[in-house]
Amino acid sequence: MKPTRRFVLFLEKLFPYRFIAAKMTRFPILKQITNQMLFKQTNLTVLPKDSVVEITLNKAIKPPENVVLPSIVVEHFIRKTTYRFIMKFCICREANHCKNHPIEYGCLFLGEAARGISREFGREATIEEALDYVQKCRKEGLIHLIGRDKIDETWLGVGSDGRLLTICNCCSCCCLWKILADVDPQIRSKVKRMPGVEVMVTEKCIGCGTCIELCFVNAIELQDGQAVVTEECKGCGRCVDSCPQKAIRMTFSDDQFIQKTIERIESSVDVE
């Protein structure tokens, strides 16, 4: 049975308790149950903003017109898939009554399983419409998370055969995945940064704490008056974009980062 809008409203009432639920996964029994129900096949990659990417390939930097940007991963799957579905609301922002970003900018779902999503939630899109949509999301400052998401397969009722590709358009204030700071490390590892991404703090840092407030996974700490990026960083790039001192840099040390990201996603999702 397909979920209804009333069911969505019920889920949204549970949203304020997500951090409590996340902390409960630290208990082995509850972790096993939660992982089996909501995270078992999850394999998501965070794509940093194009605007903050500095491509460093351990050789001469390519001319700007030849720089390959993370959004190409999204465009690749939009063109490759057989079906595209644009949600007319973001369940996270709607549940959190977001005041900073449009609630109507919901997920983009790709693949044959997306045909099973209720038309009450959104609409089918052409390649051009989907490309235009994700560009609007990026201009709004939203970050793409892309891959297989067991939570979406479950609440949308489309089955668990790996034929649904999720492209979340996430904000730092409402995103469900802010729970990553609280969940068991095994579950946390299912959301990854792009291959080769590196985020580093330079000597320009004055320890203002802006980046710490923005980090949705609590991956930045203040040590001896300077920000330090920990291994928990997912490479979204918000800190790079928002640092008042321009003291944080993002680079890629792997010139195959686009292809490796595509291969990672295709290893768990079939969109054809």
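Of the residues Ala247, Ala181, the single one that is small (Gly, Ala, Ser) and surrounded by fewer than 18 Cβ atoms within 10 Å (Cβ to Cβ) is Ala181.
Among the residues of the range 102-114, write down those that are in a loop (DSSP other than H, G, I, E, B) and touching a Ser or Thr at 6+ places or on another chain (Cβ under 9 Å). Show your work before the answer.
Step one: of the range 102-114, the residues in a loop (DSSP other than H, G, I, E, B) are 102-107, 111.
Of everything in the range 102-114, those that are in a loop (DSSP other than H, G, I, E, B) and touching a Ser or Thr at 6+ places or on another chain (Cβ under 9 Å) turn out to be Cys107, Gly111.
Listed by first and then second residue, the pairs with beta-carbon distance under 7 Å, at least 6 apart or on different chains, first residue in the range 244-268 and within 23 Å of Lys150 (Cα to Cα) and of a type in the set (D, E, K, R), second in a loop (DSSP other than H, G, I, E, B) and at pLDDT below 90, are Lys260/Asp254.
Could you tell me which residue of the range 220-272 is modelled with the lowest pLDDT, considering only residues that are small (Gly, Ala, Ser) and within 12 Å of Val197 (Cβ to Cβ)?
Narrowing the range 220-272 to residues small (Gly, Ala, Ser): 225, 227, 235, 237, 242, 247, 253, 267-268.
Now narrow it down to the ones that are within 12 Å of Val197 (Cβ to Cβ): 235, 237, 253.
Numbers: Gly235: 94, Gly237: 91, Ser253: 84.
The selected residue is Ser253.
Determine, yes or no, whether Glu75 is free of Cβ contacts under 8 Å to residues at least 40 places away in the same chain and either among the charged types (D, E, K, R) or closer than 24 Å to Lys40 by Cβ (or both).
On the way: free of Cβ contacts under 8 Å to residues at least 40 places away in the same chain: no; either among the charged types (D, E, K, R) or closer than 24 Å to Lys40 by Cβ (or both): yes.
Considered against the rule, which asks whether it is free of Cβ contacts under 8 Å to residues at least 40 places away in the same chain and either among the charged types (D, E, K, R) or closer than 24 Å to Lys40 by Cβ (or both), Glu75 comes out as no.
Listed here are the helices (runs of 4 or more DSSP H) enclosed by the range 170-255 that have at least 2 residues being among the charged types (D, E, K, R): 238-242.
Here Gly225 clears all of (1) farther than 25 Å from Trp177 by Cα; (2) within 21 Å of the chain's Cα centre (by Cα) except the condition numbered (2).
The values are calculated or read from the model by the stated rules, or taken from the named source; none is laboratory data. The structure displayed is predicted, hence computed values, not measured ones. All Cβ positions, glycine included, derive from the backbone under ideal geometry; neighbour counts span all protein chains shown.
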